[in-house]
Amino acid sequence: MYKNLNPLAIGVSGRQSELIELALTYGFKGIEIDLADLVKRSQRASFEKAARFLTSAKIKIGGFEAPIDLDDDDAAYATKLAALPEAAEIANRVGASTALIRIPPGTDRLPYPEYFNVVRKRIDEIAQVLAAQNLNLALSFSASSDAGVGKQFKFVTDVEGYLALFRACTGKNVGLALDTWSFHVGGGSFAQLADIPADRIFSLRLADISDKVDPKKATAKNRLMPGVSGIIDNVKIVAHFAKAGYKGPITPMGHSNNSAGMTRDSLVSAAQDAIDKVLHDAGVPTQTRRPEMFVDTSYAPV
């Protein structure tokens with residue numbers, strides 16, 4: 001497994017070159033990218049110009065959000081599905097291997113049984129397009145108590161529903177973006193987690209929660225960096241998947257609400273410290289990196 005930075009997950013934004021520099025400066029081997037932005041810039045200029053920093057940097061692409069919404073109406077979904085091959089090709093060319101997609105927590109379209117079949121079919125269709133470019137599709141879900149609020153029908157907001165949908169999908173390149181916060185808040189057990197084959201985990205996302213927060217009432221704002229309270233046993237989870245042979249990205253997933261007033265450097269540094277502590281305690285080799293450890297960089301902001 002390798003340390004991966006999702007800038008938005010910790011409240012960091014900036015130009016592509018700036019984010020790459022931050023990731024490398026603080027010891028991250030991978031970074032999640034904004035594929036929709038990369039596609040637009042490739043269309044305006046060229047792929048070579050749009051992706052020049054990503055293709056020249058010695059950094060892995062830890063994932064990208066699939067540019068498609070599983071809850072779109074049929075016309076919007078068809079339009080985005082038709083555009084997906086171009087985006088998938090660009091993702092492949094930049095060295096990505098995994099698209100991440102969120103399962104809707106609720107919908108106004110159909111009741112649960114009928115909607116389940118619609119979403120499962122869409123996931124398999126998207127996975128088939130991605131497979132043509134050797135890309136995987138990783139499913140995520142939200143267990144936040146306010147997920148799906150305002151929707152007529154509830155959908156997937158717990159681990160039982162999450163795993164049921166995953167197991168119903170037929171695509172061999174369909175797996176999970178396993179988020180330990182949503183897994184905990186969504187009522188998951190370690191036994192359920194340990195039953196998931198490591199080769200079907202395409203992204204491992206770590207976070208924690210305060211012991212003062214009732215999981216049934218938790219929202220995304222209650223998401224803490226891994227290791228803050230220890231309520232979520234990320235060390236045990238990482239140790240398990242390391243032993244099982246997981247080789248993918250491991251990503252800290254805090255919430256920007258809990259980092260007000262911090263600089264970008266301090267946010268990324270704190271994220272590195274959180275991941276390094278979990279890895280160390282899980283017996284996984286890691287190395288902390290600081291700006292003072294090197295002098296030069298080839299990725300100056302533009």
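Tabulated data for the structure shown
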{"quantity": "Qualifying residue in the stretch 201-216 (condition: surrounded by fewer than 20 Cβ atoms within 10 Å (Cβ to Cβ), touching a residue at least 24 places away in the same chain (Cβ under 8 Å) and either outside any helix (DSSP H, G or I) or touching a strand residue (DSSP E or B) at 6+ places or on another chain (Cβ under 7 Å) (or both))", "calculated": "no"}
{"quantity": "Those residues of the stretch 161-198 which are within 20 Å of ASP214 (Cβ to Cβ) and either in contact with a strand residue (DSSP E or B) (Cβ under 7 Å, 6 or more places away or on another chain) or among the β-branched types (Val, Ile, Thr) (or both), in sequence order", "calculated": "ASP179, THR180, VAL185"}
{"quantity": "Test result for VAL39, in contact with a strand residue (DSSP E or B) (Cβ under 8 Å, 6 or more places away or on another chain) and among the β-branched types (Val, Ile, Thr)", "calculated": "no"}
{"quantity": "Candidates ALA138, ALA194, filtered to the one that is among the small types (Gly, Ala, Ser) and free of Cβ contacts under 8 Å to residues at least 60 places away in the same chain", "calculated": "ALA194"}
{"quantity": "Qualifying positions in the stretch 239-254 - closer than 18 Å to ALA138 by Cα and either β-branched (Val, Ile, Thr) or in a helix (DSSP H, G or I) (or both)", "calculated": "PHE241, ILE250, THR251"}
{"quantity": "Residue identified as at pLDDT 95 or above and in contact with a His (Cβ under 6 Å, 6 or more places away or on another chain) among ILE201, ILE232, ILE209", "calculated": "ILE232"}
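The values are calculated or read from the model by the stated rules, or taken from the named source; none is laboratory data. The structure displayed is predicted, hence computed values, not measured ones. Here Cβ is always computed from backbone atoms with ideal geometry, including for glycine, and neighbour counts include all displayed protein chains.
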